[in-house]
Every structure is written in structure tokens, then in C-alpha cells.
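The values are calculated or read from the model by the stated rules, or taken from the named source; none is laboratory data. Here the structure is a predicted model, which means the values were calculated and not measured. Every residue, glycine as well, gets a Cβ built from its backbone with ideal geometry; the counts of neighbours run over all protein chains shown.
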């Protein structure tokens, strides 16, 4: 069986179109991998599994009808925690930002992902306020490189 987490977006969309697997399959596989690697790599500040699976189910139904919502319908994606994403806090890697708030706005790039049917899995770590090219922050600690865990 193909590891759905290793496929490109183009390959996922082709598989959905052919009915070989569904957005729910891809989302489940991706969430399982994210949860499995989190202890070693510390890549995520928040996974929204229930919401992602609901989005994937809606996408699967659109694919069954032959009516995908957009160019990324059903493709699992994550959003860096420096970008606003409706429904949850954007803490920007900092302990100085409160989680309380309405959090009812998407950054333009996140809005475009939603408009094209991408499945939003959650937020990935970021350096505090995105000010440097390596990912460690007071909020989430050090994020490891998946190709070399001795590096960030």
C-alpha cells in the first residue's frame, strides 16, 4: 500500500479523482504520522484532528459527486503559527500573546487554502514572532529537522 504521507499534492488529487483513496484516508494517515513524530521533532503547536477529519469528510463527498471545491480539495496542509487561522489562537511562538480572543480571521494565504478545499490539520511551530530562520521559541521549545534530528 502506498504511504499517503509521501505523496505530493498532485498525486493525492489524482488518487482522489481516480477513487484510489479519499481525503479522509490521506488526512487520517497524515494525522497519525504527525502524532507519531511529534515527540521527536516537536513540529506542531496544535493539531485540530476533529476539524480536519470533518473537512476531509466534506471533501470526500465533493469528490464522490465529481465536484471538487478547488485546486487543493482534500489535500492535508498545516499553517505556520505566525499566520492567522480562524478558529484557534495564533501565538507566534511567544508566551506574550494570550490564547483568549475571538480568533475569527484568516490570513489571506490561509483564506485561499480554505477557498480551494485544503484540509487544515493545525499549526506548526515558529520562532518567536518569526524573527529568525531556525525554529525554537519560548512557547514551544526546539523543533528538530526531520532529515537530521540533531539540527533545528
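Restricting attention to segment 24-31, does a residue exist that is under 21 Å from residue 105 (Cα atoms) and buried (at least 18 other Cβ atoms within 10 Å of the Cβ)? No, segment 24-31 has no match at all.
The single condition from (1) in contact (Cβ under 8 Å) with a residue 40 or more places away in the chain; (2) surrounded by fewer than 16 Cβ atoms within 10 Å (Cβ to Cβ); (3) under 17 Å from the mean Cα position of the chain (by Cα) that residue 17 fails is (3). Hey, any hits in segment 44-67 for a residue that's part of a loop (DSSP other than H, G, I, E, B), modelled with pLDDT of 95 or more, touching a helix residue (DSSP H, G or I) at 6+ places or on another chain (Cβ under 8 Å) and buried (at least 18 other Cβ atoms within 10 Å of the Cβ)? No: zero hits. Evaluated against (1) within 30 Å of residue 16 (Cβ to Cβ); (2) touching a residue at least 12 places away in the same chain (Cβ under 8 Å); (3) not in a helix (DSSP H, G or I), residue 144 falls short on exactly one condition, (1).
Just so you know, in segment 106-133 the residues that are in a loop (DSSP other than H, G, I, E, B) and closer than 13 Å to residue 69 by Cβ include one that is farthest from the chain's Cα centre (by Cα), and it is 116.
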